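Working notes, structure below.
Rule-based calculations on the coordinates, nothing more; no lab input. The model shown is predicted, which means the values in this text are computed figures rather than measured ones. Glycine also receives a Cβ, built like all others from the backbone with ideal geometry; neighbour counts cover every protein chain displayed.
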Amino acid sequence: MVAATEHRPLILLVEDEADLVESMRFALEAEGFDVVTASTGREGLDKARTHRPSLVLLDLMLPESSGLDVCRYLRAESDVPIIMLTARDGEADKVAGLELGADDYVTKPFSMRELVARIRAQLRRSFRSGTFAEVSEVLRGGRITLDVDAHEVAVDGNPVSLRPKEFDLLESLMRRKGKLVTRETLIDEVWGPGYFGDTKTLDVHIKRLRDKLEPDPANPTHIVTVRGLGYKFVDG
């Protein structure tokens with residue numbers, strides 16, 4: 001039986017789209033979660049009872065038992081956080097899930113960035129209610145530390161105030177320390193796949209980060225440009 005460990009929360013993903021399952025599993029494991037999957041409502045219930053996950057990602061449209069039915073059964077048995085995944089835009093479907101006990105929902109297509117943020121938020125709430133042991137995650141690179149759960153950044157131990165998008169951008173870069181992160185990837189993760197605004201917004205936020213984090217913003221040593229491609233975070 002797979003179970004949540006002290007350092008890796010266990011996510012149960014109940015979803016019948018095979019390609020989406022594989023991409024989500026890969027992304028969630030890269031974010032520090034263990035993942036078990038189920039492709040039908042009945043299998044999802046069985047695995048929830050067997051594996052006792054830290055959180056359930058539950059598709060609304062499932063074979064055998066609908067996501068709403070699974071949500072109803074789960075909530076009758078457990079306080080496990082439930083995030084509904086739905087391709088429907090109808091408000092009634094979302095309201096129905098929340099009324100049955102779901103804690104949150106995301107509408108497909110969604111960015112993994114948004115989904116992971118929602119997962120972490122639910123796990124923090126679960127920790128505060130005493131149902132889950134919180135995992136504190138701190139990213140470090142040179143003079144900079146970023147506490148994911150506390151949403152805090154420090155340079156040489158001194159707190160630095162970042163706007164939400166600046167924080168998300170820095171986190172995306174620090175999670176791939178030493179690796180190129182393309183402009184397209186950063187925009188998708190921070191602003192979402194549906195963003196059609198001016199891509200210079202990214203450059204403005206990079207400049208703000210450098211102004212706040214670099215000793216010499218004109219000659220950055222942490223957030224460096226890969227000309228024509230994107231940016232990378234280095235220890236400096």
### Message
Starting from the 7 Å offset along Cα-to-Cβ, what nm value, one decimal, do you get for the label separation of E17 and R125?
### Response
2.4
### Summary
Between the modelled labels at D198 and R140 (7 Å from Cα along Cα→Cβ) the distance in nm is 4.0
### Query
What label, among (i) 17.5; (ii) 19.7; (iii) 19.1, belongs to Kirkwood radius over Cα pairs in Å computed from the structure on display?
(iii)
## Note on the structure
Scalar couplings 3J(HN,Hα) for the range 32-41 by Karplus 6.51 cos²θ - 1.76 cosθ + 1.60 (θ = phi - 60°), nearest whole Hz, x for Gly and Pro, are x, 10, 8, 9, 10, 10, 9, 10, 9, x
### Task
Pull up the DSSP beta bridges for the chain and report the antiparallel fraction as a percent, rounded to 5.
50
### Message
Output wanted: per-residue J couplings in Hz (rounded whole) for the range 49-61, from phi through Karplus 6.51 cos²θ - 1.76 cosθ + 1.60, θ = phi - 60°, x for Gly and Pro.
### Response
6, 7, 9, 6, x, 6, 7, 10, 9, 10, 5, 6, 9
### Task
Please list the radius of gyration and Dmax for the range 138-233, considering alpha-carbon atoms only, with Å as the unit.
12.5, 37
### Query
For the chain, what is the mean residue ellipticity at 222 nm derived from helices alone (per DSSP H run of n ≥ 4: -39500 (n - 2.57); sum divided by total residues; nearest 500 deg cm²/dmol)?
-12500 deg cm²/dmol
## Note on the structure
Listed by chain and number, the lysines with an alpha carbon less than 30 angstrom from that of K179, same-chain partners under 8 positions apart left out, are K108, K165, K200, K207, K212, K232
### Query
Any idea how far apart E184 and R227 come out in nm if each label point goes 7 Å out from Cα toward Cβ?
2.2
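What's the extension gain from S78 to T107 if we count 0.36 nm per residue and subtract their Cα-Cα distance? All intermediate terms of the calculation are to be shown ahead of the outcome.
On the way: separation 29, 0.36 × 29 = 10.44 nm, distance 2.40 nm.
Gain on stretching S78 to T107: 8.0 nm.
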### Query
If contacts are Cα pairs under 8 angstrom and at least 6 residues apart, what is the relative contact order of the range 138-233 in percent?
26
### Query
Relative contact order, percent, of the chain when contacts are C-alpha pairs under 8 Å separated by at least 6 residues?
13
### Query
Antiparallel as a % of all DSSP beta bridges within the range 10-128, to the nearest 5?
0
### Task
Would you mind checking which residues have amide H under 5 Å from V35's amide H? H placed 1.01 Å from N; only 5 or more apart, or other chain.
I11
#### Entry: Two-decimal ratio, the range 10-128, of alpha-carbon radius of gyration to 2.2 N^0.38 Å
0.94
